[in-house]
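The values are calculated or read from the model by the stated rules, or taken from the named source; none is laboratory data. Predicted, not measured: the structure shown is a model, and the values here were computed from it. Note that we place each Cβ from the backbone using ideal geometry, even for glycine, and neighbour counts take in every protein chain shown.
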Amino acid sequence: MRHALATLGVAISLAAAFPAGQQRHDLIIKNGRVLDGTGTPWFRADIAIRGDAIVKIARAIDEPAIRIADAAGAIVAPGFIDTHTHARRGLTQTPTAANYVRQGVTTVIEGPDGSSPVPLGPFLAELDALQKSVNIGAFIGQGSIRSEVVGSANRAATPDEITRMEALVEQGMRDGALGLSTGLFYVPGTFTPTSEVIALAKIAGRYGGIHTSHQRDDASKLLDSVRETIAIGESGGLPTQITHHKVIGKANWGRSADALRLVDEARARGVDVTSDQYPYTASSTSISSALLPAWALEGGRQAQQARFKDPVTRERVLTDIVAMIRDERGGGDPKNVQFANCGFDPALNGRTLADATKQRGFEPTLSRAAETVLWIVEQGGCQGIFHAMSEDDVMRIMQHPATMIASDGEVPLFGRGNPHPRSYGTFARVLGVYVREKKTLTLEDAVRRMTSFPAARIGVQDRGILRPGMKADVVIFDPGRVRDLATFESPHQYAEGFSHVLVNGIVVFEKGEMTPARPGRVIYGPGRK
Ligand SMILES: [Zn+2]
């Protein structure tokens with residue numbers, strides 16, 4: 001098959017062999033096992049592409065084409081759509097987004113976790129002007145809007161502030177947001193009452209958007225958080241999504257069964273609730289968000305530093321950090337906290353909280369580790385990786401029919417820091433580990449969760465399914481060889497098994513290399529005016 005696939009990229013002009021007047025296709029992908037994205041079993045067919053669209057899918061297409069690709073033996077599927085990414089910073093530096101393209105992703109969605117540029121319009125215009133390999137869309141972030149209007153104060157917004165925030169959501173939706181994202185786990189989202197989120201969600205819903213939430217608590221209060229995410233959809237009158245659905249902390253392992261039961265009950269009474277997930281047992285965010293209590297972070301950096309200097313308050317903070325290492329993101333042991341990126345000391349990247357505590361001359365007990373955490377935050381903080389989930393929960397959430405795949409990754413600078421491997425591996429890992437090895441999902445179902453399902457979720461009607469008239473975002477991969485290589489120890493490794501990736505009808509990856517083409521577009525939401 002490797003040999004056969006090599007013919008893609010060879011320009012074969014067949015025009016002369018066909019009657020005049022018959023329009024040439026730009027590309028025909030021949031003999032592939034077509035997995036159309038709907039969940040239907042693969043079927044053998046040829047696919048003809050003209051311009052940026054699929055024009056024909058048939059058992060055999062013997063028509064003139066500028067290029068022929070023989071995909072014999074390979075799977076031909078729609079490009080993958082990742083509804084939770086932090087691509088915006090990295091995409092400017094690395095507009096190929098090679099870490100995503102090489103695992104089949106052709107569309108990345110930004111603005112998750114309540115965090116987006118405000119207003120969104122100029123940002124989308126910038127993305128539109130950027131020459132990039134992938135398509136990109138964005139949510140408008142509730143946390144960012146609240147920062148603008150309320151700051152990082154721990155209080156409910158006033159009616160006047162709510163009116164101003166509603167106007168910013170409305171503007172975001174008119175600028176082209178796909179919906180409203182919340183990060184009720186983070187400051188300042190965590191200070192937001194549910195009713196305030198619902199008020200803003202209603203605006204997003206009116207413009208056809210969805211709500212997606214990094215929930216308030218994925219650990220001991222997981223079920224309350226799921227109820228809240230459901231309530232925001234139910235009372236806000238819009239589709240709602242538990243993003244990176246997970247169960248943090250050993251004491252809570254197994255509760256995915258209860259969380260999914262809540263999802264099923266809500267869906268049974270007509271609430272449009274879904275989840276997305278990345279296939280790893282570790283999460284990643286900043287050390288301060290993960291291991292410090294929200295009350296200690298209120299009011300910005302100066303207020304935090306004053307708090308840490310007060311001996312009584314400092315003790316309270318340390319007590320809470322101990323509990324968070326023991327019961328929540330710390331995974332019960334300083335060894336389970338790993339540093340992804342430390343601006344103040346890059347030598348810590350990849351090391352653990354236990355290592356850092358020893359380096360400071362202490363045994364890595366919980367209380368010594370808590371002191372190290374606070375010291376790190378005082379130095380400026382780090383991004384961390386938190387090994388605190390169970391494989392059983394990951395698999396149970398994955399198998400739920402209303403769960404799609406999303407990376408929560410970024411576009412890393414290749415080789416820099418020690419980022420979570422999800423940025424390089426998410427989609428290939430599902431196909432290699434959870435389809436081929438563990439048989440958690442069928443290939444057809446896994447691809448559905450990467451294509452038609454996310455497309456429908458964010459209201460994108462012309463991508464996510466291979467069908468005439470749809471945009472030609474197409475991936476070709478070997479189902480026997482596809483796999484992720486990125487690990488927690490060595491994350492900067494591209495996925496394997498993809499031979500070709502097309503975005504808007506243009507080949508962006510082939511023969512193991514990114515091409516110079518930059519055909520990516522901005523994906524606008526349904527409310528754009
Ligand atoms: Zn998140």
* Asked: List the pairs whose first member sits in segment 406-420 and is of a type in the set (Val, Ile, Thr), whose second member is in a loop (DSSP other than H, G, I, E, B) and within 16 Å of the ligand (Cβ to nearest atom), and whose Cβ atoms are under 7 Å apart, counting only residues at least 6 apart or on separate chains?
  -> VAL411/ALA87
* Checking GLN241 against (1) more than 25 Å from PRO279 (Cβ to Cβ); (2) among the polar types (S, T, N, Q); (3) within 16 Å of the ligand (Cβ to nearest atom), which single condition isn't satisfied? -> (1)
* **SER286 vs. criteria in contact (Cβ under 8 Å) with a residue 24 or more places away in the chain, surrounded by fewer than 18 Cβ atoms within 10 Å (Cβ to Cβ) and either over 27 Å from VAL433 (Cα atoms) or within 13 Å of the ligand (Cβ to nearest atom) (or both)** => yes
* To do: Check segment 254-268 and report whether any residue there is crowded, with 17+ Cβ neighbours inside 10 Å, away from the ligand (no atom under 16 Å from the Cβ) and of a type outside the set (A, V, I, L, M, F, W, C).
  => yes
* Residue satisfying condition, being touching a Ser or Thr at 6+ places or on another chain (Cβ under 6 Å) and buried (at least 20 other Cβ atoms within 10 Å of the Cβ), within set VAL475, VAL503, VAL430 -> VAL503
* Residue list for segment 509-529, filter: farther than 18 Å from ASP128 by Cα and assigned to a loop (DSSP other than H, G, I, E, B) -> LYS511, GLY512, THR515
* To do: Would you mention how many residues in segment 368-386 are within 16 Å of the ligand (Cβ to nearest atom) and either free of Cβ contacts under 8 Å to residues at least 12 places away in the same chain or buried (at least 24 other Cβ atoms within 10 Å of the Cβ) (or both)?
  => 3
* Single residue of segment 145-165 satisfying the filter (in a helix (DSSP H, G or I) and touching a Lys or Arg at 6+ places or on another chain (Cβ under 8 Å)) that is nearest to ALA199 (Cα to Cα) -> MET165
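Residues are listed down the side, and each one gets a yes or a no for (1) in contact (Cβ under 8 Å) with a residue 40 or more places away in the chain; (2) within 16 Å of the ligand (Cβ to nearest atom); (3) at negative phi:
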{"position": "GLY143", "(1), (2), (3)": "yes, yes, yes"}
{"position": "VAL149", "(1), (2), (3)": "no, no, yes"}
{"position": "THR192", "(1), (2), (3)": "yes, yes, yes"}
{"position": "GLY208", "(1), (2), (3)": "yes, no, no"}
* Those residues of segment 126-150 which are more than 23 Å from the chain's Cα centre (by Cα) and either at pLDDT below 95 or among the charged types (D, E, K, R) (or both), in sequence order -> GLU148
* Structure fact -> Residue count, segment 202-227, condition assigned to a helix (DSSP H, G or I), closer than 18 Å to ARG457 by Cα and not aliphatic (A, V, I, L, M), comes to 3
* To do: Taking ALA204 as meeting all but one of (1) away from the ligand (no atom under 16 Å from the Cβ); (2) in contact (Cβ under 8 Å) with a residue 60 or more places away in the chain; (3) under 21 Å from the mean Cα position of the chain (by Cα); (4) surrounded by fewer than 22 Cβ atoms within 10 Å (Cβ to Cβ), write down the number of the exception.
  => (4)
* Asked: In this structure, is GLU489 outside any loop (DSSP other than H, G, I, E, B), among the acidic types (Asp, Glu) and surrounded by fewer than 24 Cβ atoms within 10 Å (Cβ to Cβ)?
  -> no
* Identify, by number, the condition in (1) over 19 Å from the mean Cα position of the chain (by Cα); (2) crowded, with 24+ Cβ neighbours inside 10 Å; (3) within 14 Å of the ligand (Cβ to nearest atom) that TYR278 doesn't meet. => (1)
* Criterion (crowded, with 23+ Cβ neighbours inside 10 Å and not in a loop (DSSP other than H, G, I, E, B)) met by exactly one of MET389, MET404 -> MET404
* Asked: Which residue pairs have Cβ atoms closer than 9 Å, lie 6 or more positions apart in sequence or on different chains, and pair a first residue in segment 162-177 that is closer than 11 Å to VAL149 by Cα with a second residue that is basic (Lys, Arg)?
  -> MET165/ARG146; GLU166/LYS202
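Listed here are the residues, each with its yes/no results for (1) more than 16 Å from the ligand (Cβ to nearest atom); (2) part of a helix (DSSP H, G or I); (3) small (Gly, Ala, Ser); (4) farther than 30 Å from GLU265 by Cβ.
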{"position": "LYS358", "(1), (2), (3), (4)": "yes, yes, no, yes"}
{"position": "ASP393", "(1), (2), (3), (4)": "yes, yes, no, no"}
{"position": "GLY415", "(1), (2), (3), (4)": "yes, no, yes, yes"}
{"position": "ASN418", "(1), (2), (3), (4)": "yes, no, no, yes"}
{"position": "THR426", "(1), (2), (3), (4)": "no, yes, no, no"}
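Here is a yes/no grid of residues against (1) assigned to a helix (DSSP H, G or I); (2) crowded, with 24+ Cβ neighbours inside 10 Å:
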position	(1), (2)
GLN171	yes, no
THR182	no, yes
THR190	yes, no
VAL197	yes, yes
LEU200	yes, yes
